[in-house]
Amino acid sequence: MALCGALVAVFLSLVAAGQGVAPPEKVCGPPRYCARTDTRVEPYPTVPLAIGAAGSIISDPNFNSRILRVTDARTDPRQPSESYATPSSGEENSWNADSTKFYVRTLSGDTLLYDFDPSTMGIHSSGVLDVAWTGEPQFSFSQPSILYGIARGRPEFQQYDLSAKRAAEIDDATKCVKLKSSDSGRAVSVSADAQRIAMVIGPQQDSGFLVYVYDRGKGCRWYNTETGEIGGQWGAKGQVAIPGRYLIHDARLNKSGQFIEISRSGASVKGIAPTQDGAPSLFWKIDSMEVMPCGPKGCKGHHALGYAHLLNPSEQEHPLDLWIRPLNQLDKTLPLIKPLPAVEGWYDLHISWNNVDPEDSNPACLSTYRRDNPQTPGVAPRVVGPWENEIVCVETDGKASKVWRFAHTYSTTQNGFWSSPRGNVSQDGKFYMFTSDWEDQLGRGAGASLYRTDVFVVELK
C-alpha cells in the first residue's frame, strides 16, 4: 500500500510539473465531434472561395473542415457541361457500409460509382452503374459491396454485387398482387438488417397507390392506399380503420423494418373526396392493420427515420426547431435544440440519419439553405443568423442541445432543385456528401440557362 501511494505521489508531481506524462489524445469524431458548437453568425468570405479540380481538397476558412471536390466539368468527357448531384433525398443511403464507396448522380439520370479512401479522402471513379434500374439505388447497411434497386419498367426488387458485377432478383411483386402492365416500382427502401425491402407501385410518381414490402422470411405484404385494403402472404388482412384514401408521393422503411412512412401525393383519388386530417404523412405498422397519421401539427418538412424514432423540423418557431418522436407514439414529441436563437426570415433543410445506431442516439446531419440567396454570380449567400447555408450535425440523445458546425455549403440554390445542397451522411458519421453550385463559379450547364453543380464531401470531426 505504501508503495502504491508513493507511485501515485510521483505521478501527480510529474503532472503538476508538466513532465514525463503526455496528456490523453483528444479523439474527434462521431458520436462526439470537436467542431464548433457556438451560435456566432458566420458570413461567407467576400470573394468566392477558390476550389481546384476534382480530387482536390481545401479547408473551410470559417470552420476548418476539409472539403473534397468529387466532380468537375471534365468528369465525363462525353458530356463536358454535365452537372452532378447527390441523391434527391437525404434519406437515401448513397455510402456503403465501410465508407469505401459511394455514388453520385448525373442530372441526366446516370449513377456514377466512386472508390473512396477514408484516411486520405482520395477518390477513384469506377464508372457508371451498368444495370437497368429506375430511380436511385441504396447501399446495404451491412454488406459493403451490395446495392439495392428496382428493375426499370417493372416492380421487381434486385440487388447488385459490385465485386462480382452481377445483378440478382430478390422478389417480383406481380407474383403476389394483381397489377396493370403500366404499374412499375420506385423509391427502394431497405431495413438495416436487409430483412425487409419496400417500394411504391403505380404508373408514375405521385400516382402511386400501393406500398409493397417484401420480407425475406415471410414473403410479400402490401397496403393499397387507394382502396384502404391490406393483404399479402402474412399478417392481418382487411380494411384499414382510417377513412382517408390517397395517392403516394414517397415511402420509406425505418431502420428496424417495423414501420413505413408514407408521404401523400398532392393528387386526389378519383371520385373520393380528399382527407381532412391535414397529415402530410402516415405511418403503417407493417405487422398490423394500424395506419397512423402524423400531424397535422409539427410533422412537416423533410424527415429522417431511425430505428424507432422520427426526426423532423416542426416548421413553427424556428427552421432548426427539430423534434424527435417515437414511431409508436407520434404525438409524444421532444424538441432537440433549446434555446433557439432569434431568426430573421426562413431557411430550408434536408436531414440525413444513415449513421443512426439502434438506440437512435447518434447525431443527425443536415444542410440548410436560404431561398432568398442573391442571384448574382459571386455575391455571397445570405447569412443573418447561425447555421444558415451551413452543414451541421445535431445531437439526438437528449443529453444536451449541441449543434456541431462543419462548413458552409457555398451554394446559391438559385439554379433549380438540384442546386440545393441536400446531402447524405456516411454510415460511420465521418463524412457528409453534398451538392453545390459554388456561388456560380463552376461554369454554365447544358443550354447555358443555369450554372453547373458538383458534388463535394466534407470531413466531420
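Residue count for the range 76-120, restricted to those that are acidic (Asp, Glu), closer than 27 Å to Asp193 by Cα and touching a residue at least 40 places away in the same chain (Cβ under 8 Å): 3.
How many of the residues making up the range 171-191 are surrounded by fewer than 17 Cβ atoms within 10 Å (Cβ to Cβ) and in a strand (DSSP E or B)?
In the first step, residues of the range 171-191 are kept if they are surrounded by fewer than 17 Cβ atoms within 10 Å (Cβ to Cβ); the result is 172, 174-175, 178, 180-182.
Now restrict to residues that are in a strand (DSSP E or B): 172.
The total comes to 1.
Residues in the range 398-421 that are under 19 Å from the mean Cα position of the chain (by Cα) and closer than 16 Å to Thr37 by Cβ: Val403, Trp404, Arg405, Phe406, Ala407. Output the residues belonging to the range 192-202 that are out of contact with any Pro (no Cβ under 9 Å at 6 or more places or on another chain) and either surrounded by 21 or more Cβ atoms within 10 Å (Cβ to Cβ) or modelled with pLDDT under 95 (or both). Passing the criteria: Arg196, Ile197, Ala198, Val200, Gly202. When restricted to residues that are assigned to a loop (DSSP other than H, G, I, E, B) and either open to solvent by 40 Å² or more (accessible area, probe 1.4 Å) or in contact with a Lys or Arg (Cβ under 9 Å, 6 or more places away or on another chain) (or both), the range 51-71 contains 12.
Quick one: in the range 203-215, of everything that is part of a strand (DSSP E or B) and not hydroxyl-bearing (Ser, Thr, Tyr), which residue is surrounded by the most Cβ atoms within 10 Å (Cβ to Cβ)? Steps first, answer last, please.
The first filter runs over the range 203-215 and keeps only residues part of a strand (DSSP E or B), leaving 208, 210-215.
Those left that are additionally not hydroxyl-bearing (Ser, Thr, Tyr): 208, 210-211, 213, 215.
On the way: Gly208: 30, Leu210: 23, Val211: 27, Val213: 26, Asp215: 21.
The extreme case among them is Gly208.
Val384 satisfies every condition listed in (1) surrounded by fewer than 18 Cβ atoms within 10 Å (Cβ to Cβ); (2) closer than 18 Å to Arg40 by Cα; (3) within 23 Å of the chain's Cα centre (by Cα) except (3). Listed by position, the strands (runs of 3 or more DSSP E) contained in the range 82-156 that have at least 1 residues being of a type in the set (Phe, Trp, Tyr), under 22 Å from Ile201 (Cα atoms) and open to solvent by less than 10 Å² (accessible area, probe 1.4 Å) are 133-139, 146-151. Do we find that Ser126 is within 19 Å of the chain's Cα centre (by Cα) and polar (S, T, N, Q) in this structure? Taking the combined requirement at face value, the residue does not satisfy it. Apart from one condition, Thr413 fits all of (1) without any contact (Cβ under 8 Å) to a residue 60 or more places away in the chain; (2) open to solvent by less than 10 Å² (accessible area, probe 1.4 Å); (3) touching a Phe, Trp or Tyr at 6+ places or on another chain (Cβ under 9 Å); (4) under 24 Å from Asn64 (Cα atoms); the exception is (2).
Which of the residues spanning the range 216-231 are β-branched (Val, Ile, Thr) and open to solvent by 10 Å² or more (accessible area, probe 1.4 Å)?
Just the residues of the range 216-231 that are β-branched (Val, Ile, Thr), to begin with: 225, 227, 230.
Answer for the range 216-231, where residues must be β-branched (Val, Ile, Thr) and open to solvent by 10 Å² or more (accessible area, probe 1.4 Å): just Thr227.
Among the residues of the range 349-379, write down those that are over 20 Å from Gly306 (Cα atoms) and open to solvent by 30 Å² or more (accessible area, probe 1.4 Å).
Of the range 349-379, the ones over 20 Å from Gly306 (Cα atoms) are 368-379.
Listed by number, the residues that qualify are Arg371, Asp372, Pro374, Gln375, Thr376, Pro377, Val379.
The values are calculated or read from the model by the stated rules, or taken from the named source; none is laboratory data. Please read all numbers here as calculations on a predicted model, not as lab measurements. With ideal geometry, Cβ positions are generated from the backbone for all residues, glycine too; neighbour counts draw on all protein chains shown. To get the accessible areas, we keep the full protein, side chains included, count just its heavy atoms, and leave off ligands, DNA and RNA. Shrake-Rupley method; radii C 1.70, N 1.55, O 1.52, S 1.80 Å.
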